[in-house]
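Okay, so here's the structure we're looking at.
The values are calculated or read from the model by the stated rules, or taken from the named source; none is laboratory data. These numbers were taken from a predicted model, which means no experiment stands behind them. Glycine also receives a Cβ, built like all others from the backbone with ideal geometry; neighbour counts cover every protein chain displayed.
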Amino acid sequence: MLLFRLTDVENNFDDATFNRGKRYFEEEMVLQAELGPGGSSVHGATLGRRDNQYDTSIEIKKRGDRCTLESFCNCPVSSQCKHAVALLLTILDQHHGHQDRYQAWLEKFSAIHPPKPKPAPPESALVGRFRVAPSLTRNASVGESIVVEVGNCRRLKRGGFSKFTAKQLFNVAAHYGDGWANDDVVTYSRLLLATRGNTWYRYAHLETELDRYTYQKLLDQQLAFWDQPNQTLSQGPAQTLNFRWEHNNDYQLHSQLQCGAPWVLVPFSRPWYINLDDFSSGPLETELSTEVLFCLQRLPALPREQARHFGDTIALQFNEQTLPHPIQTEYRQIEAPLTPVLKLVPSDEGIQSFFWLQYDELPLPKEVTQRPTQSRFSNDHGHWQIQRDNEAELAAVELYQQLQLSEFEHSGDQAPQVASAAYLKLATAATDLAFWQKLLSQFQGPMNQQQWQLQIDPSLPLLPHEIPAFDLIIEEDDSWFNLGLSVEIDDQQVELLPLLLTWLDHNSDWRGDNNPILLHREGAMPLRIANRSIRPVLAILEELANPSGDRIRLPSHQAGLLEQLPRQGRWIGGERIQQLAHKLNHFSGIETVEAPDNLHATLRPYQQQGLDWLAFLHQYGFGGVLADDMGLGKTLQTLAHLQRLKQRDQLPHPALLVCPTSLISNWRSESQRFCPDLTVLVLHGQERHRHFDTLNEFDLIITTYGLVGRDIELFASLNFSLAILDEAQAIKTPGAKITKAVKQLNAGQRLCLTGTPMENHLGELWSLFDFVMPSFLGSEGQFSRYYRKPIEKEGNLDLKKELLTRLAPFLLRRTKSEVAQELPAKTEMVQTIPLPPQQRILYEGVRVAMEARVRELLNSKGMAKSQIEFLDALLKLRQICCDPQLVKLEQAALVQESAKLDFLMEMLPPMLEEGRRVLIFSQFTQMLALIEQRLEQQGIAFAKLTGQTRKREQAIDSFQNGEVPVFLISLKAGGVGLNLTAADTVIHYDPWWNPAAENQATDRAYRIGQDKPVFVYKLICEQTIEERVMELQQQKQALADSIYDKDAQDLGSSLTGDQLLSLFDTPIPQPE
């Protein structure tokens, strides 16, 4: 229960205190309010205007109808203060909140609606005014030199004003003007306090931009006066100043407005004046700042010597019209361009530098740029008037600052006193020479452009010797050559290589810098070489060089780099290497060679070019990467190269061919087919060791990557005429065991065959070339730093072009699209695939059992009654060739190997990377399902068409429209009737012994409307029934047709018993 009411609060506090407390309450300045026990006291805390917190307590004494409220507070008032009122009103609000707040809102609303005429302010004989006067404070600063006060005057009937009574500026700003302070006076008082924190100021200074705005308002309304009430200030025009010297015994500086009136400075940021004749006020038009004007007004009288010093040091910084010299002076006119001067002299602490600006004979300090209008100068030699080039001065000073020097005071003995003396910040006495050489070289261009004058002590070898050209010395040494660079200076030869190597050690980021190269020499002038002429040499040094003394040792296959070097000087020696360099850089002119006589094939034009290229490489002892697309005949071109070398007696040692296991039989059969004169040894299997002693008896040794790694000690001890890597992407990882192994081979020529020389990054290409021609692309780190990182991460197209140019003679790649006109419309290739051990054991077991079974049936039943068993036996053998999982035998389920499926999944990815569209045919739908699983595992999109496919058209369209690159098709569902001209590759996974049916499947792609060459691959397992029937098919087409012609009624009429049994024979393997 409350013991007091609102009327009690009003009765216990005066009106002013109540109103202030009510405003505190409305502004929610009360932080805490609590009612004491029995309602006899109130305690709380209130926030002050300056964020101070005041604690207040109030005792409530109730005697009848009378209520006494006594408050205690730690504010300056201490009792019966506005904080107590705010606290009491907060308690009332807490107990009668909703009703009281609404009642308060109604009162406010009634006060504004309907609108009521504003009551006229109470009549007052006093008027509010502002007094502007000089500060009475001794040694007042420029910002404190003029004060403004607010107060009132009485307007006199006879005109004018009575004496001015000053008031507290803060109180008037708080609207405590007792009727004489109208809204304008209050507003301007508040503006004058705004930049001063609205604190308890009695007066303000005229200083800030807000002060200037307020001052102009006072002038406009004639509310301000100068010192005395009747000297009312008004807005005046802009004025200039006139300075003059009065000379009696001393020299005294005087100034007046252009109208001749005396004046007072108003220290705004742009100076203003007060005219002391008519009390007008306005801005000054002058180059002098407010601070300078303030100081000049306080300049004492000067005796002659001081007056001369003032004129020569102070007045000369301004125009004569602005601030004249105290003493009449004649000026010598200088009409000369600016010359920035840099002087360098030796000292015990290092090289000292002195810098100044100079017009003719007049030296100026660099600080003069801060006074762009100054045109008069003086020194011990007289007085000068010059026409300055401010823009050139600023540029020269900016360039000087880029030298990053540490300045110090100097005596003036070494240079004009106005010069800036300095040492190099980063240098020491020991390194000064090299630092200054580098700086002068780096900045020589802009210094020359600005016409700097360098004054360098003769004992300092700082200015570089320009090298317009240098000599290249070439010394041949078998398959290597040494390259040297020298220049003649003062009749002495100077070797450049050691200097360049030292420079590279400290300038690894030289590629992004086009400045001249500065080569330091101990105790001698540095050498400077144009960047463009030395860049090729730097590239060689950084990437490849194996320096030995003053020469670079390079393999002959690097001769092409010589063409990149400038021919500004002499080329001494190395005629053969120079010719080779020219030929390498004009690669298109390789001579045509004749195909070997015993080559059983006709080379297409692009294949003949490949043979020419291989012969060219061999002639000069180079290796190379043959990177033609799959199907373009890399095997044939290589075999033709070997046959040609044998024919020319250039095959003194065997050629070693390393390939994946799956390609061994293909290389063997292709060599027998195209080059039967070549003696070939397949070094493979557990019995390979028995051939080790007779390796030199063969022309070509075929082995696998795995065996090279396993038998590397043997292979590394032998000499080979050639070392050839097929599917050379197998060594794309430099750190791999097989990569390290093949690089130990000793061969006269090294070749890589691959359709994908680079799959992921340039490091793979480096690995191939590091085998083909070691050091050709430098070390792996050098190549990565020089080529790979700038090309792959920074997109450096110039370096990419440079790399391609270097590789061009040694990498030959033709795509199918490039040689499409030379290709036949259809190219058929048979890929023979060896069976791995477990699959071979399964095949042989079934073959032997089935042969015995068929032989028994023939003897007991005869030919005509044995057809079903015969066909079942053939089916099982064919299924084992496709994949053991197709055979319903217990022992087949244990075999995890599938040579043909693995081969297919190896050949597909590179085909798809080339953009080829592939049809895969099989007559076993279960086989297509197994292929489907492997495609899904590798993330290869495909379509599938079998007899169970319901959305046939959708599957066809997805392939024809390019949505999927692979189409799996069964014989029955897609062997005929389809038009699949989007395909350019056909793979017959399992052979169809009826050639007509096989051709019909091929013709799904090879038909009218096909605009691309079609490649047909037949996958045949080596030493199986597939090879036997292929041989029979070639010998007797009718016999082969009868074997699988399901329309044939009488198999026995087409085959004899011996012919049938011959299908179960195992072809005789070649020696291994």
State all residues of the stretch 675-685 that are within 22 Å of Thr754 (Cβ to Cβ), surrounded by 21 or more Cβ atoms within 10 Å (Cβ to Cβ) and not β-branched (Val, Ile, Thr); if no residue qualifies, say none.
-> Cys675, Leu683
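For the condition more than 30 Å from Leu302 (Cα to Cα), in a helix (DSSP H, G or I) and modelled with pLDDT of 90 or more, what is the one hit in Ala336, Ala392? Give the derivation first.
Numbers: Ala336 fails: in a helix (DSSP H, G or I).
On inspection, the qualifying residue turns out to be Ala392.
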Select from the stretch 750-767 the residues that are hydrophobic (A, V, I, L, M, F, W, C) and farther than 23 Å from His653 by Cα and list them in ascending order.
-> Met758, Leu762, Leu765, Trp766
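Among Thr90, Thr17, which is the only one that is in contact (Cβ under 8 Å) with a residue 24 or more places away in the chain and under 21 Å from Phe170 (Cα atoms)? Reasoning before the result, please.
Values: Thr90 fails: under 21 Å from Phe170 (Cα atoms).
Thr17 is the lone residue from the list that is in contact (Cβ under 8 Å) with a residue 24 or more places away in the chain and under 21 Å from Phe170 (Cα atoms).
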Taking the stretch 340-373 and keeping only residues that are modelled with pLDDT under 90, surrounded by 18 or more Cβ atoms within 10 Å (Cβ to Cβ) and over 42 Å from the mean Cα position of the chain (by Cα), one is left with Val368
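Sort out which residues of the stretch 806-840 are of a type in the set (A, V, I, L, M, F, W, C) and surrounded by fewer than 14 Cβ atoms within 10 Å (Cβ to Cβ), and write them in order of number.
To start, the set of residues in the stretch 806-840 that are of a type in the set (A, V, I, L, M, F, W, C) comprises 807-808, 810-812, 819-820, 823, 825, 829-830, 833, 835.
The answer is Ala820, Ala825.
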Would you check which residues across the stretch 136-159 are loosely packed, with under 13 Cβ neighbours inside 10 Å and among the small types (Gly, Ala, Ser) and list them?
-> Gly159
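Residues in the stretch 774-801 that are acidic (Asp, Glu) and under 27 Å from Leu745 (Cα atoms): how many? Break it down into steps so the answer makes sense when it comes.
If we filter the stretch 774-801 for residues that are acidic (Asp, Glu), which is where we start, we get 780, 792, 794, 798.
Then drop every residue that is not under 27 Å from Leu745 (Cα atoms), which leaves 780.
Of the residues in the stretch 774-801, 1 are acidic (Asp, Glu) and under 27 Å from Leu745 (Cα atoms).
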Sole residue being in a helix (DSSP H, G or I) and either on the phi > 0 side of the Ramachandran plot or not assigned by TED's automatic domain parsing to the domain that holds Lys1012 (or both), chosen from Asp872, Asp798 | Asp798
Has the stretch 833-840 got any residue that is touching a strand residue (DSSP E or B) at 6+ places or on another chain (Cβ under 8 Å), part of a strand (DSSP E or B) and outside the structural domain of Arg1004 (by TED's automatic domain parsing)?
-> no
Identify the residue in the stretch 497-532 that is under 23 Å from Ser775 (Cα atoms) and at pLDDT below 75 and, among all such residues, is surrounded by the most Cβ atoms within 10 Å (Cβ to Cβ).
-> Arg511
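Check the stretch 415-437 and report whether any residue there is over 42 Å from the mean Cα position of the chain (by Cα) and without any contact (Cβ under 8 Å) to a residue 60 or more places away in the chain.
Our first condition is that a residue be over 42 Å from the mean Cα position of the chain (by Cα); within the stretch 415-437, this holds for 415-419.
Right, trim to without any contact (Cβ under 8 Å) to a residue 60 or more places away in the chain and you get 417.
Yes; the residues of the stretch 415-437 include at least one that is over 42 Å from the mean Cα position of the chain (by Cα) and without any contact (Cβ under 8 Å) to a residue 60 or more places away in the chain.
Restricting attention to the stretch 785-826, and to residues there that are among the β-branched types (Val, Ile, Thr) and more than 16 Å from the chain's Cα centre (by Cα), which single residue is farthest from Gly915 (Cα to Cα)?
Per the stated criteria, the residue is Thr805.
Would it be correct to say that Gln782 is outside any strand (DSSP E or B), out of contact with any His (no Cβ under 9 Å at 6 or more places or on another chain), under 30 Å from Leu617 (Cα atoms) and without any contact (Cβ under 8 Å) to a residue 24 or more places away in the chain?
Working: outside any strand (DSSP E or B): yes; out of contact with any His (no Cβ under 9 Å at 6 or more places or on another chain): yes; under 30 Å from Leu617 (Cα atoms): yes; without any contact (Cβ under 8 Å) to a residue 24 or more places away in the chain: no.
Spelling it out, it is not the case that Gln782 is outside any strand (DSSP E or B), out of contact with any His (no Cβ under 9 Å at 6 or more places or on another chain), under 30 Å from Leu617 (Cα atoms) and without any contact (Cβ under 8 Å) to a residue 24 or more places away in the chain.
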When you go through (1) in contact with a strand residue (DSSP E or B) (Cβ under 9 Å, 6 or more places away or on another chain); (2) modelled with pLDDT under 90 one by one for Gly445, which number turns out not to apply?
-> (1)
Within the stretch 637-661, the count of residues that are surrounded by fewer than 21 Cβ atoms within 10 Å (Cβ to Cβ) and either within 22 Å of Glu906 (Cβ to Cβ) or touching a Phe, Trp or Tyr at 6+ places or on another chain (Cβ under 9 Å) (or both) comes to 3
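Determine which member of the set Glu851, Glu897 is part of a helix (DSSP H, G or I), touching a residue at least 40 places away in the same chain (Cβ under 8 Å) and farther than 30 Å from Phe674 by Cβ. Quick ask: steps written out before the conclusion?
Numbers: Glu897 fails: part of a helix (DSSP H, G or I).
None of the other options fit; the residue is Glu851.
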Inter-residue pairs, beta-carbon under 7 Å, first more than 16 Å from Glu287 (Cβ to Cβ) and surrounded by 14 or more Cβ atoms within 10 Å (Cβ to Cβ) and in the stretch 320-339, second at pLDDT 90 or above and among the β-branched types (Val, Ile, Thr), 6+ apart | Ile334/Ile386
Restricting attention to the stretch 156-172, which residues are within 13 Å of Ala125 (Cβ to Cβ) and touching a strand residue (DSSP E or B) at 6+ places or on another chain (Cβ under 8 Å)?
-> Phe161, Ser162, Thr165
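How about the stretch 166-177: which of its residues are surrounded by fewer than 15 Cβ atoms within 10 Å (Cβ to Cβ) and in contact (Cβ under 8 Å) with a residue 24 or more places away in the chain? Steps first, please.
Restricting attention to the stretch 166-177, the residues satisfying the condition of being surrounded by fewer than 15 Cβ atoms within 10 Å (Cβ to Cβ) are 166, 175-176.
Matches in the stretch 166-177: Ala166 only.
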Residue that is surrounded by the most Cβ atoms within 10 Å (Cβ to Cβ) [pool: residues in the stretch 275-296 that are of a type in the set (A, V, I, L, M) and not in a loop (DSSP other than H, G, I, E, B)] | Leu284
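Could you tell me whether Leu603 is surrounded by fewer than 20 Cβ atoms within 10 Å (Cβ to Cβ), more than 44 Å from the chain's Cα centre (by Cα) and modelled with pLDDT of 90 or more? Break it down into steps so the answer makes sense when it comes.
Working: surrounded by fewer than 20 Cβ atoms within 10 Å (Cβ to Cβ): yes; more than 44 Å from the chain's Cα centre (by Cα): yes; modelled with pLDDT of 90 or more: yes.
Yes, satisfied.
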For Gly624, state whether it is within 18 Å of Leu745 (Cβ to Cβ) and either modelled with pLDDT of 90 or more or in the same structural domain as Asp699 (by TED's automatic domain parsing) (or both).
-> yes
For the subset of the stretch 733-762 comprising residues that are modelled with pLDDT of 90 or more and of a type in the set (D, E, K, R), which member is nearest to Gln637 (Cα to Cα)?
-> Arg750
Counting only residues that are surrounded by 22 or more Cβ atoms within 10 Å (Cβ to Cβ), at pLDDT 65 or above and not assigned by TED's automatic domain parsing to the domain that holds Asp902, give me the strands (runs of 3 or more DSSP E) lying completely in the stretch 944-1061 with at least 1 of them.
-> none
Among the helices (runs of 4 or more DSSP H) contained in the stretch 11-116, which hold 3 or more residues that are touching a strand residue (DSSP E or B) at 6+ places or on another chain (Cβ under 6 Å) and modelled with pLDDT of 85 or more?
-> 82-95
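Is it the case that some residue within the stretch 726-742 is in the same structural domain as Leu663 (by TED's automatic domain parsing), in a loop (DSSP other than H, G, I, E, B), free of Cβ contacts under 8 Å to residues at least 40 places away in the same chain and buried (at least 18 other Cβ atoms within 10 Å of the Cβ)?
Of all residues in the stretch 726-742, those in the same structural domain as Leu663 (by TED's automatic domain parsing) come to 726-742.
Checking the rest, the ones that are also in a loop (DSSP other than H, G, I, E, B) come to 727, 732-736.
Pick out the ones that are also free of Cβ contacts under 8 Å to residues at least 40 places away in the same chain and you get 732-733, 735-736.
Filter once more, keeping what is buried (at least 18 other Cβ atoms within 10 Å of the Cβ): 732.
Checked the stretch 726-742: at least one residue is in the same structural domain as Leu663 (by TED's automatic domain parsing), in a loop (DSSP other than H, G, I, E, B), free of Cβ contacts under 8 Å to residues at least 40 places away in the same chain and buried (at least 18 other Cβ atoms within 10 Å of the Cβ).
Taking the stated definitions as given, is Gly549 of a type outside the set (Val, Ile, Thr), at pLDDT below 65 and either within 30 Å of Gln608 (Cβ to Cβ) or not assigned by TED's automatic domain parsing to the domain that holds Leu799 (or both)?
Working: of a type outside the set (Val, Ile, Thr): yes; at pLDDT below 65: yes; either within 30 Å of Gln608 (Cβ to Cβ) or not assigned by TED's automatic domain parsing to the domain that holds Leu799 (or both): yes.
Yes: the conditions hold for Gly549.
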